[in-house]
Amino acid sequence: MALVKRKELSLAEKLYLPEIARGLSITLTKMFGKSITRQYPEEPLPTTAVTRGQPRLVERQDGHLACVSCGLCEAACPAYAITIDGQETDRPIEREPERFEIDMLRCILCGFCEEACPKDAIFMSSELELADYDRASLVYGLDQLRRQRPALQRRIDYIHGINERW
Ligand code: SF4
Ligand code: SF4
């Protein structure tokens, strides 16, 4: 039977000194190097036009929503997160939502509602934060969903740019 020859360890090796020195050198290098820890929420996540945050409804300059309550986004939503009740109007735009709700706890930020909308009325915002104390508060209604167009303009321009390719 062949005997395994083991290397004779020095005193330093027996005391794990080389490993300790290597570990400390890595710690010191990282301590004085560039920090990669984000101090959230003081330092929020950077967003771009590609960011798919929570969907929001576009409010036109006249203060009315661009939504005509057609229900296409509701039908396209794979998470059944959207609920719309429409109503007639006296304005040239014939219908508008009386109730438009998105259950943010169901929403998977897929962007299908944005793609389905024929009226440029719903876009993915750069709003990512979502927190509350009960589920009912996270079903957003018209007041929480509406945003003036400039707030969504970066995303709108990005989506129009994509659509122009087809
Ligand atoms: S982003 Fe997707 S899951 Fe969320 S409301 Fe729109 S279609 Fe539904
Ligand atoms: S698809 Fe657009 S216009 Fe139709 S209900 Fe949804 S947001 Fe409104």
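Nothing in this text is a laboratory measurement; each read-out follows from the coordinates by a stated rule. Note that the structure is predicted; figures quoted are calculated from it, not measured. In this analysis, Cβ positions are derived from the backbone assuming ideal geometry, glycine residues included, and neighbour counts consider all displayed protein chains.
The table for this structure:
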quantity: Loop-located GluC sites (Glu not before Pro) in segment 80-142, at most 16 other Cβ atoms within 10 Å (DSSP); calculated: 94, 127, 129
quantity: Cysteines, the chain, no other Cys beta-carbon under 4.7 Å; calculated: 67, 70, 77, 107, 110, 117
quantity: Top of 136, 151, 75 by mean-square fluctuation, Gaussian network on the chain, Cα under 10 Å; calculated: 136
quantity: Compactness of the chain, expressed as Rg and Dmax over alpha-carbon positions, Å; calculated: 27.4, 99
quantity: Relative contact order of the chain, pairs being alpha-carbon contacts under 8 Å that are 6 or more residues apart, as %; calculated: 25 percent
quantity: Among 80, 100, 156 - extreme Cα towards positive end, dipole of segment 55-163, charges at beta-carbon; calculated: 156
quantity: Rounded tilt (10° steps) of 149-163 against the dominant C-alpha axis of the chain; calculated: 80 degrees
quantity: Inter-site label distance for residue 11 and residue 165 at 7 Å from Cα along Cβ, in nm; calculated: 6.8 nm
quantity: Candidates 24, 138, 45, ranked by Gaussian network fluctuation over the chain, Cα under 10 Å, top entry; calculated: 24
quantity: Distance between modelled label sites at residue 76 and residue 64, nm, 7 Å Cα→Cβ extension; calculated: 2.2 nm
quantity: Cα gyration tensor category, rounded, prolate or oblate, for segment 1-60 with a/c compared to 1.5; calculated: prolate
quantity: Highest-fluctuation residue, 14, 119, 30 considered, GNM on the chain with Cα pairs under 10 Å; calculated: 14
quantity: Overall form of segment 84-166 per C-alpha gyration tensor (a/c, 1.5; a/b vs b/c); calculated: oblate
quantity: Segment 40-95 shape via C-alpha gyration tensor axes, a/c threshold 1.5; calculated: oblate
